[in-house]
Amino acid sequence: MAKYDTPMLDELEKGPWPSFVTEIKKAAKTNKMSDDELGQLEKSFQTKRGYWKHGGIVGVLGYGSGVIGRYSSLPEEFPGVAHFHTYRINQPSGFFYTSAALKEICDIWDKYGSGLTNMHGSTGDLVLLGTTTEALEPLFAEYSSRGWDLGGSGSAMRTPSCCVGMARCEWANIDAMGICNHMTQHFQDELHRPAFPYKFKIKVSGCACDCVAAIARADLSIIGTWKGNIRIDQAEVKKYADGGMDIQSEIIDMCPTDCMSYDGGEIKINDVQCSRCMHCIAKMTKALRQGEEKGATVLVGSKAPIVVGSLISWVLVPFIKCDDEDFEKLTELTENIIEWWDDNAKPRERLGELIEVKGMRPLLEAVGVDPQPQQVREPRKDPFFFWADSDFEK
Amino acid sequence: MEQKEIQDEIFAYLEKMKGKKKLKEKDVIKKIMADHAELDKNTVKTALREMINVGKIMYAYGGGASSVEIPSEEYLKEKGLI
């Protein structure tokens, strides 16, 4: 195949980095959809215009989520991408696959689609790029018969995602994969049937390093943390110093709350001031460990800057235990949050935007969480405060 | 009220609103509950979901938001339902 000259796309193959153009070219050798995708993309670069139409009515019977309709606005010129729908597969928690599983996914995808994948999109799902409307039902039948379900899209709960958690990471305070799987199973209906005002994302990180960027992108962020003092092994601290680490500048001076000191021999931490950011623990893994009582902070309301500007998460529950028997408490809290948002939000209004409009108080009342100092996000900007009648009864 | 009767009302409401307003699943449930105070949310939701399962109504998507609609003939043909 390769019927298109792509001088502008070729520029993106230069340099030492992996190139998506190279990968599309590989697929284009055997797949007409990928070949026309190259042609249309080159035209977009040349003319500085996009030629994709988005949305419409595509999907598999009974589901409202998981397939995103995409069409070329130049179907005569690029017939291979006249339909180029995106198909989202619900990824395993922590993104763990066997090579046999990946081969199975790709073999099916080669049969019905462009062969192009996005591993993984910012949604968390395994994203398959480019198939036709006619191929959707047989594609779904093949995948689902092998245990691969569709992910979320549209005004639905999006596929919950998480970091690798305790499977590979010694810093994980919570079983991020367990929570993610529990949430995914519990909210199957909300995932596949778009009944919400807009999207709702759940992301779970085992610690404040936040490898899935839950704090910046999820309506509900569950981030592992701990209670109690950071455990210090002073002998290991000495080894780091002897090994050439400049503890003062790399650790002490980088502490965001200035709660650490180092006298050239030992590290001391004023744990009351610690914000559990994980910087020191991540840099001195052998010398510093989290406190022994593990759990999670539940935050709400972050989003990327679509519709209006981006928002960062806001603490709702400073500490919640997250052992297996506590998972139900998390799902119950999530249901209450969603119910309040669903009852009050306008179309295309995310949870964070609704909190900005209504304030945190009605959410706290609706979900039954007491006000706590950790929920204060920033100093108040206006001098007026509206007391509720119930405040005078206290 | 029998499930079939609820489904007939859902269908009639969607037909009436076709081309006028994109309705979310919740809008439909609210409307049916407002007309029939004896019905609870889960009963109406179940009736609606049954209709979606068999392709009598369907989810549509546009402008970032999803809605429920009566499927076109083309869609029904594509799914082998007619």
#### Entry: Under the Debye formula (equal points on every Cα, no solvent term), log10 I(q)/I(0) of the protein assembly as shown at q = 0.08 Å⁻¹
-0.60
### Task
Pull up all non-local amide H partners of A:Leu316: gap of 5 or more, or a different chain, and H-to-H distance under 5 Å with H placed in the peptide plane.
A:Val298, A:Leu299, A:Val300
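If r is the Cβ-Cβ distance from A:Phe20 to A:Asn229 and R0 is 51 Å, what FRET efficiency results, to the nearest 0.05?
Using R0 = 51 Å, I get an efficiency of 0.65.
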#### Entry: Distance histogram in 10 Å bins (all Cα pairs of the stretch A:286-329, percent per bin)
22, 33, 28, 16, 1
### Task
Name the most mobile residue of A:Gly64, A:Gly359, A:Gly224, meaning the one with the largest mean-square fluctuation, in a Gaussian network model of chain A with Cα contacts below 10 Å.
A:Gly359
### For the stretch A:156-162, 3J(HN,Hα) per residue [Karplus equation, 6.51 cos²θ - 1.76 cosθ + 1.60, θ = phi - 60°, Hz, x = Gly/Pro]
10, 5, 7, 3, x, 9, 8
### Query
Can you work out ³J(HN,Hα) from phi for every residue in the stretch A:103-114, in order, using Karplus 6.51 cos²θ - 1.76 cosθ + 1.60 and θ = phi - 60°, giving whole Hz and x for Gly and Pro?
5, 4, 4, 6, 4, 5, 5, 4, 6, 10, x, 6
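Kirkwood hydrodynamic radius, the stretch B:3-78, all distinct C-alpha pairs: what's the number in Å?
12.7
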### Task
Would you calculate the separation in nanometres between label points at A:Asp326 and B:Ile82, each defined as 7 Å from the Cα along the Cα-to-beta-carbon direction?
5.5
### Message
Using a 7 Å offset from the Cα along the Cα-to-Cβ direction at both A:Lys268 and A:Cys106, what is the distance between the two label points in nm, to one decimal?
### Response
5.7
### Query
What ³J(HN,Hα) values, in whole Hz, does the Karplus curve 6.51 cos²θ - 1.76 cosθ + 1.60 give for the stretch A:191-208 when θ = phi - 60°, with x put for Gly and Pro?
6, 9, 10, x, 10, 8, x, 6, 5, 9, 10, 10, 9, 10, 10, x, 8, 6
### In the stretch A:14-92, the GluC sites (Glu not before Pro) that fall in loop regions by DSSP, at most 13 other Cβ within 10 Å
A:Glu76
### Computed magnitude of the charge dipole of the stretch A:107-155 (debye, nearest 20; Cβ of K, R +1, Cβ of D, E -1)
80
#### Entry: Overall dimensions of the stretch A:231-289 as given by Cα atoms, namely Rg and Dmax in Å
10.2, 30
### Query
Can you list the GluC sites (Glu not before Pro) in the stretch A:253-353 that are in a DSSP coil and have 13 or fewer other beta carbons within 10 angstrom?
A:Glu266, A:Glu292
### Summary
Candidate cut points under trypsin sites (Lys or Arg not before Pro) in the stretch B:1-30, DSSP loop plus at most 12 other Cβ atoms within 10 Å of their own Cβ, are B:Lys18, B:Lys20, B:Lys21
### Query
Separation between the B:Lys4 and A:Gln46 pseudo-spin-labels, each 7 Å from Cα along Cα→Cβ, expressed in nm?
6.1
### Task
Report, in degrees rounded to the nearest 10, the 0 to 90 angle that the Cα long axis of helix A:32-47 makes with the longest principal axis of chain A.
70
### Message
Between the stretch A:138-169 and the stretch A:179-211, what is the separation of their alpha carbon centroids in Å?
### Response
10
### Task
Could you pull out every residue, at least 5 positions away or on a different chain, whose amide H is within less than 5 Å of the one on B:Ala60? Hs are placed 1.01 Å off N in the peptide plane, and Pro or chain starts have none.
B:Ser67, B:Val68, B:Glu69
### Dmax and Rg, reported as Rg then Dmax, of the stretch A:1-118 (C-alpha, Å)
15.6, 46
#### Entry: Estimated dipole of chain A in Debye, rounded to 20 [Cβ of Lys and Arg +1, of Asp and Glu -1, Cα centre]
860
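Coordinate-derived values only; no laboratory data. Predicted, not measured: the structure shown is a model, and the values here were computed from it. Please note: Cβ atoms are built from the backbone with ideal geometry, for glycine as well, and neighbour counts cover all protein chains shown.
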